[in-house]
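Below is the structure I would like to discuss, written out as structure tokens.
The values are calculated or read from the model by the stated rules, or taken from the named source; none is laboratory data. Here the structure is a predicted model, which means the values were calculated and not measured. Cβ placement follows ideal geometry from the backbone for every residue including glycine, while neighbour counts extend to all protein chains displayed.
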């Protein structure tokens, strides 16, 4: 099936993307612009595609959005994909009359699954399960694979840096199955001061000692912390875990769409990905799974679309992933996720990654002498995320004051309670960047940050 047709008007100030049809040619910025674009030029092209960043009304005028680790803004390409689906192809998926329209809607939906599979280099699109997001994906593994695969006294490994969505589901599972959780140490390395700046990488020696002594069945690891930003070496971690017969689940909420993901190269057994953190719609995510792990499992969520036949005594389930996708699927959201994949591919992961690294370094240089930076080692491979604190200034007050100037950050523990309790027992302000952010925005942020700190310290 064809993908997306487009026309780009480069004479228009905002480089408006006009979608003619959502099903013909693929969007490709690289054919319209030189491959050696400067960082500023890349930002200009990408930013103009995000309508919320180009509003002129008072509440959104000159918006600086630095909360991208929470959710990203949506480009016209994705918004038009959603609009186009609802206005031209909102027909039944798998459950229609067999008409051309129902068949086409099913094709479009499954094409989105194929796009996601290709994006993470899954061997087959049948190894991509659509969920409502990363939290749902991890809960699926904990409620479906967990009770049918683990037994009393089995061990699950977790780093202390995990988001609550990759922590709490395993606590619930342990209550159900009576298995155990062991925490993997994170290395502490002094960057600027030993009390405040620590490296966030997993201690591989400690991990191996736990693999040897505890014989765990599963290691659940965030590919990158949503607070520290450090990207874990999942390939090495997977190789080490598999050496001792331990499966690996990668929480890749922060990395999908920001760094190149290849599930076969990483050799993970499960990988959970988000849509709304990679410029797609909310309400959908995906789980990649190693095929053999789900083939014989029964679904924990049952209903329409999961069976071949039902008798008075039993039922015959269809093959994965469909047996695990009960009810009406998130069709529009999945199509929007597929459009987000197209959009990212059109710009190029490598170009996005280069932009993020350059902008992060610029932000770091502007911030390092102004605030207390936590766990920031500029030599490590990391996402454009900085968590910080200011002496005698409440993080919530600071974030709120920045927001009053249309600079959006986040304050708190960022759903990583154990990380904060273990490392520094306080809240932080977090800045997280995306492709549409620029060095001029960083300059404005620093200016307002200085003013805000001065105001709050006088109170």
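List the helices (runs of 4 or more DSSP H) inside the stretch 330-413, counting only whole elements, that have at least 1 residues being more than 29 Å from residue 131 (Cβ to Cβ) and out of contact with any strand residue (DSSP E or B) (no Cβ under 8 Å at 6 or more places or on another chain).
The helices (runs of 4 or more DSSP H) meeting that bar are 349-367, 395-404.
Quick one: which of 347, 352 is touching a residue at least 40 places away in the same chain (Cβ under 8 Å), within 30 Å of residue 127 (Cβ to Cβ), surrounded by 19 or more Cβ atoms within 10 Å (Cβ to Cβ) and out of contact with any helix residue (DSSP H, G or I) (no Cβ under 6 Å at 6 or more places or on another chain)?
352
Is it the case that residue 434 is touching a residue at least 40 places away in the same chain (Cβ under 8 Å) and buried (at least 18 other Cβ atoms within 10 Å of the Cβ)?
yes
I would also like to ask the following. With the condition kept exactly as written, say whether any residue in the stretch 276-292 is over 10 Å from the mean Cα position of the chain (by Cα), in contact (Cβ under 8 Å) with a residue 40 or more places away in the chain, part of a helix (DSSP H, G or I) and buried (at least 23 other Cβ atoms within 10 Å of the Cβ).
no
For the stretch 214-239, which positions are modelled with pLDDT under 90 and in a helix (DSSP H, G or I)?
214, the sole residue that qualifies.
Can you tell which of 263, 268 is crowded, with 24+ Cβ neighbours inside 10 Å, under 30 Å from residue 431 (Cβ atoms) and without any contact (Cβ under 8 Å) to a residue 60 or more places away in the chain?
268
Would you say residue 74 is out of contact with any strand residue (DSSP E or B) (no Cβ under 9 Å at 6 or more places or on another chain), over 15 Å from residue 329 (Cα atoms) and assigned to a helix (DSSP H, G or I)?
No.
Which residues, counting only those in the stretch 420-454, are over 17 Å from residue 369 (Cα atoms) and in contact with a helix residue (DSSP H, G or I) (Cβ under 7 Å, 6 or more places away or on another chain)?
Correct list: 426, 427, 433, 435, 436, 437, 438, 439.
Could you check the stretch 153-168 and list, in sequence order, the residues that are in contact (Cβ under 8 Å) with a residue 12 or more places away in the chain and not in a loop (DSSP other than H, G, I, E, B)?
Hits for the stretch 153-168 are 155, 156, 157, 158, 159, 164, 165, 166.
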